[in-house]
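Below is one structure, written out as structure tokens; comments come after it.
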Amino acid sequence: MKSEAETESILDSLKSLDKDRISALYSKFPVDRTNYNATSYDDKLKFWTNLIQKAIDLNLFKSRLSIQSWKLDRVFEIHHLTPLGLNTVMTNLIFSGDIVNEQDFLNDTSIAHTFVLNPLKWVWNKVSGQPNEEVIWTEKQISFIFLPYLKQICQEILTLIYQQDKLVLTLKDLQDLILELGISSEKDIEIILRNFKLQQLVLSTVDSKMTIYKFKPKDATLSDITEVEIGIVKMQQTIKQLNDQIHDMEQSIIQFKNEAKENVKLGNKPKALYMLQKNKKLNELISKRLASLDTLESIIMKIGQSKTDIEVIDSFKLGTETLSTILKSKQLQLDYVEDTMDNLNEVLADQKEIEETMTLNLPTTIDDDDLELELNQLLQKELEKVESVVTPTSIHTDQSTVPLGASDKVDVDGLVSELNNLTIPKSDLPKEKNTSESSNSKILLAE
């Protein structure tokens with residue numbers, strides 16, 4: 001429950017408004033919404049809708065889910081003023097599908113189909129009149145469920161259930177879980193469970209006067225509650241009772257010890273001995289309870305392990321069936337596989353023969369004599385270029401004149417040696433216009 005300070009904060013926020021603003025907000029709505037008054041009409045409607053939502057969140061109606069229409073005037077009363085337009089706000093919330101009649105929601109059997117599929121249509125059928133028809137809701141003893149908060153709280157509860165990974169719960173377990181969200185009202189819990197059932201998110205059963213609920217798994221369909229699940233819940237309840245008993249006995253042992261010490265101090269040894277005897281019996285009883293507790297916890301652990309083993313075996317079975325189906329296909333029959341491999345070997349053999357044939361038609365070695373002949377031809381061409389630059393009749397050396405002829409044979413090594421010793425008379429050099437050609441000749445000679 002919210003504090004009184006939080007309750008006063010809503011009223012203080014209203015009181016802080018100027019008189020004109022309060023007067024406008026606390027006045028009646030126009031009979032009709034027109035283009036002329038649309039802005040002020042919608043602004044006023046939004047203001048009161050948000051304020052009602054905040055009042056629900058602060059638990060001003062003693063419920064986190066419901067609005068008591070007859071309390072609206074008193075909740076928002078300031079300066080002896082009560083809002084006169086709340087009937088219009090409530091009518092708008094009804095026809096927008098944000099609130100529904102609590103009794104209809106909990107008891108109407110027709111809601112199971114219509115409300116889940118089309119809540120607005122269901123609300124329309126349950127409330128007579130038009131949205132702009134004035135209904136005095138503040139004079140009616142009607143509680144309305146605020147659906148946006150109901151949806152939000154139910155989602156928070158599902159989140160807690162999935163986090164605990166415990167889908168089968170007793171009513172007491174569920175009440176403790178909902179209490180973590182600050183909801184303790186039995187009526188609110190009833191509304192929450194009703195919504196879960198309408199949304200087909202939970203199943204329930206009663207066994208030995210114990211109500212058991214099973215919630216829909218996060219990523220699976222909701223199945224019926226099995227005898228195994230009921231048995232596990234019962235064992236879990238027994239474990240909880242054993243833990244409570246052991247805790248109580250441990251507290252009693254402490255108390256007996258203290259009483260025994262006090263009686264020893266007072267000299268009352270018989271009473272002290274009696275306390276110690278009770279203490280010893282409780283210790284023996286605790287040992288038995290612990291043994292029972294260990295056995296039950298081991299059984300539940302083995303049940304969980306067996307469920308995992310079943311899933312593993314089911315997976316093995318599914319894998320075996322799938323593999324068997326695949327092996328039955330034509331492509332994996334022995335004759336078909338052998339024929340395919342034989343055909344593959346034949347194709348590979350043909351390819352190998354083709355490659356070998358192509359390899360035999362290609363030259364496998366390189367003739368050095370051919371390379372040397374090609375080199376000599378290249379040098380001869382270069383020499384002819386030089387001769388076209390130098391006087392063709394003769395080349396003067398320091399010793400003598402060496403005649404050259406087109407038909408002379410050229411020794412490569414000797415030619416290179418002679419080229420290194422060549423000097424060209426200035427009179428034999430070409431004219432200035434052939435300077436570039438002469439330079440190229442010198443470069444070739446040097447090489």
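Values quoted throughout were computed directly from the atomic coordinates according to the rules given, and no laboratory measurement underlies them. Just so we're clear, the structure is a prediction, and the values are computed from it rather than from any experiment. Reconstructed Cβ throughout: ideal geometry from the backbone, glycine too, with neighbour counts over all protein chains shown.
Summary table below
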read-out: Estimated dipole of region 214-362 in Debye, rounded to 20 [Cβ of Lys and Arg +1, of Asp and Glu -1, Cα centre]; value: 2800 debye
read-out: Cα gyration tensor, region 138-203 - rounded (a/c under 1.5), prolate or oblate; value: prolate
read-out: Over 25 Å between alpha carbons, listed pairs 62/234; 54/218; 62/172; 307/328; value: 62/234; 54/218; 307/328
read-out: Local net charge near residue 180, Cβ-Cβ under 12 Å (Lys/Arg +1, Asp/Glu -1); value: -3
read-out: Label-point gap, in nm, between residue 346 and residue 176 - each point 7 angstrom along Cα→Cβ; value: 7.7 nm
read-out: Length released on extending from residue 223 to residue 303, taking residue separation times 0.36 nm less the Cα-Cα span; value: 26.9 nm
read-out: Cα-based shape type of region 172-292, given that a ≥ b ≥ c are square roots of the gyration tensor eigenvalues and the cut on a/c is 1.5; value: prolate
read-out: Loop-located trypsin sites (Lys or Arg not before Pro) in region 294-383 whose Cβ has at most 11 other Cβ within 10 Å (DSSP); value: 328
read-out: Extension gain (nm, one decimal) between residue 50 and residue 280, 0.36 nm per residue minus Cα-Cα; value: 76.4 nm
